[in-house]
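What follows is one structure encoded as C-alpha cells, with my remarks underneath.
The values are calculated or read from the model by the stated rules, or taken from the named source; none is laboratory data. Being a predicted model, the structure only gives us computed values, none of them experimental. Cβ sites come from the backbone with ideal geometry, for glycine too, and all protein chains shown count toward neighbours. Just so you know, the surface numbers come from the protein's heavy atoms only, side chains and all, with ligands and any DNA or RNA stripped out. Shrake-Rupley method; radii C 1.70, N 1.55, O 1.52, S 1.80 Å.
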Amino acid sequence: MPAPSDPPPDAGQRVVVRHRLADGSATDVVGELERAGDPLVVRRADGGVVEVRAHDVVAARRVPPRVRRPRPGEPVVGVLDLEAALARAWLPTGAEPDGRWLLRSAGDRTRRASSVLALGPPGPGAGGLAGAVDRASAWLSARGSTPRFQLPRSTGAPVGAAARADAAGLAAVEDLDAELDGRGWALVSPTTVMVGALPTTAAVPATTAAPAPVDVLAAPDAAWSHLVRPGEADDPVVAALLLSAPDQAFAVVRPDPGTGTGTGKTGARTSAPEGAVAAGRMALADGWAVLTDLVVAPEHRRRGLARAAVTALSAWAARHGAERLALQVADGNDAARALYEDLGLAEHHRYAYREAPRA
C-alpha cells in the first residue's frame with residue numbers, strides 16, 4: 001500500500017495504481033478511482049473497469065485530470081466560471097459571498113440553493129479554513145438549511161487557458177473537501193454537468209409522427225407547478241427560486257383528451273389547464289442557457305415529449321442570444337443522460353456535496 005507520506009486517494013479522483021500481477025511483475029492502471037476499499041476499483045478512460053486487491057497494490061497516487069483537445073464546436077469554459085453561471089440561474093434570495101464561496105439558503109428546498117458553493121478559498125477571517133467552515137455552517141443553520149458544501153471538480157474537459165485558470169481554485173476546493181472529510185461529513189448526490197450547443201428543431205428525429213405542441217411561458221402556471229413541483233405552488237421561497245435568473249422561460253406540454261398524449265390528432269394545441277404531460281425550465285445567465293426541472297409524467301414517457309420541451313426552450317433561448325446549453329444530471333439517471341447525449345451534450349465536469357452529520 002502507499003507509504004504514509006503518500007496517503008491513499010479518495011474515490012472520484014483520477015489516480016495511477018501500480019499493482020503486482022500473478023507472475024510477480026508490476027503494471028500501472030490509470031483512471032478514475034470508483035472505490036477506495038478492498039478491492040480498489042479504477043475506471044479507465046476507455047470505460048473498462050479494473051479491480052485490484054489491496055495486497056497487490058504497490059503504490060497509488062493522484063494524478064492531474066486527463067488533458068484532451070476540445071471537440072469541434074464544444075464550448076471551452078473553465079469549471080469555476082461555468083459553476084458561477086449555473087449559480088446565477090438558481091439563486092435564492094439573500095445569498096452572500098465569502099471570498100470565493102457563495103453562501104446560499106432556501107431552507108433545504110433543494111441542495112443547490114441550500115449550500116455553500118466553493119469556487120476557491122473563503123475570505124479572510126479568524127481560524128483559517130476551519131473557522132470559515134464553522135461560520136458558513138452557522139450561517140446555513142440559522143436560515144433553516146443543513147450545513148452543506150457544493151464541491152466542483154474537473155474531469156479533464158476544460159483545457160488550455162481555462163484549465164490553468166481553474167487550477168488554484170480547484171486546489172482550494174480539494175483542501176476544503178479534505179477538511180470536511182476529516183469532520184466526518186458525508187459525500188452525497190454526485191452530479192455531472194453537461195454542455196453543448198443549443199439543440200434545434202433538427203434534434204427532433206424525422207421518425208417522430210408529429211412534434212408535441214409546447215407552450216413557452218414567462219412564469220410557471222398551475223399545470224407546470226402541479227407536474228414539476230407538486231405542493232409547492234404557493235411556497236414563496238420556491239417561487240422566488242424559479243424566477244431568480246436574469247431571464248427564464250417555462251415549457252408546458254398539455255395533455256390531449258383525444259389521444260392521451262401531448263400531441264393532438266391535427267397538431268393543434270389542446271387546452272387542459274389542470275395538468276401537463278411534460279414540462280421544463282430554461283434560464284439565461286452569463287451567455288448560457290441553463291436547463292432545469294425537466295419532467296415527463298411517468299405514463300407519457302418514451303414519446304419524445306422531453307425532447308420537444310427542450311427543443312422549444314432552446315429556440316426561446318436562441319432568440320434571446322444564447323448559443324450554449326448547460327445542465328446538471330444526477331448520477332444514476334441514465335435515461336436523462338442518454339437523451340442529453342443524443343442532443344449533442346457532453347460531460348464537462350462533476351460535483352458532489354459534503355453534508356454535516358445530522359444530530
> Considering the stretch 254-303 alone, what residues qualify as being modelled with pLDDT under 90, small (Gly, Ala, Ser) and open to solvent by 20 Å² or more (accessible area, probe 1.4 Å)?
Replying inline: 258, 260, 267, 268, 271
> Quick check, is residue 182 without any contact (Cβ under 8 Å) to a residue 12 or more places away in the chain and not hydrophobic (A, V, I, L, M, F, W, C)?
Replying inline: yes
>> Being more than 20 Å from the chain's Cα centre (by Cα) and acidic (Asp, Glu) is the filter here; which residues of the stretch 287-312 pass it?
In response: 299
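Being charged (D, E, K, R) and assigned to a loop (DSSP other than H, G, I, E, B) is the filter; apply it to the stretch 90-110 and report the residue that is most open to solvent (accessible area, probe 1.4 Å). Full working, then the answer.
To start, the set of residues in the stretch 90-110 that are charged (D, E, K, R) comprises 96, 98, 100, 104, 108-109.
Imposing the further condition that a residue be assigned to a loop (DSSP other than H, G, I, E, B) reduces the set to 100, 104, 108-109.
Numbers: 100: 112, 104: 7, 108: 58, 109: 95 Å².
The extreme case among them is 100.
Give 82, 21 a once-over and let me know the one that is at pLDDT 95 or above and of a type in the set (A, V, I, L, M, F, W, C).
Numbers: 21 fails: at pLDDT 95 or above.
The unique qualifying residue is 82.
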>> Six or more apart or on different chains, Cβ atoms under 6 Å: show the pairs whose first residue is in the stretch 123-152 and within 12 Å of residue 103 (Cα to Cα) and whose second is among the small types (Gly, Ala, Ser) and assigned to a helix (DSSP H, G or I).
In response: 147/137
